[in-house]
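Let me begin by presenting the structure, written as structure tokens, before commenting on it.
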Amino acid sequence: MQSLTLKDTSCWIEALRVSGDHAIREKVKELFIEGRAAWCDMVLLELWNGARGDAERKMLKDLKEEVTMLPISNEVWTFARNLASKCREGGKTVPSTRFLRT
């Protein structure tokens, strides 16, 4: 089984924009073609929230059938909380959704 790569919302936005960053577009395209691109509910929520118009919503609906959805388990939330605590102890406050970034 091939390993999956969770891409965050900003990567998907760049990949879906015609004028998006070329390197990011190519990497996401490569992962998608190989069947290794993944997202999670948080990413999909953010993409749906930013979708403009029927064409973008249709694109997301179609992609949802092709992209692997990774579950956010209790273990993932525990990891995120621990990471947030370590960051805070180190003087860094990171927005919660940024913990999903790869």
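Points worth noting:
- Boolean, residue 48 is aromatic (Phe, Trp, Tyr), exposed (fewer than 13 other Cβ atoms within 10 Å of the Cβ) and in a helix (DSSP H, G or I): no
- Residue within the range 55-71 that is of a type in the set (A, V, I, L, M), surrounded by 13 or more Cβ atoms within 10 Å (Cβ to Cβ) and in contact with a Ser or Thr (Cβ under 8 Å, 6 or more places away or on another chain) present: no
- For the range 76-98, taking the residues that are of a type in the set (Val, Ile, Thr) and outside any helix (DSSP H, G or I), the one that is nearest to residue 9 (Cα to Cα) is identified as 94.
Laboratory data are not the source of any read-out in this text; all were calculated from the coordinates shown. Computed from a predicted model, the values in this text were never measured in an experiment. Neighbour counts run over all protein chains shown; Cβ positions are idealised from the backbone, glycine included.
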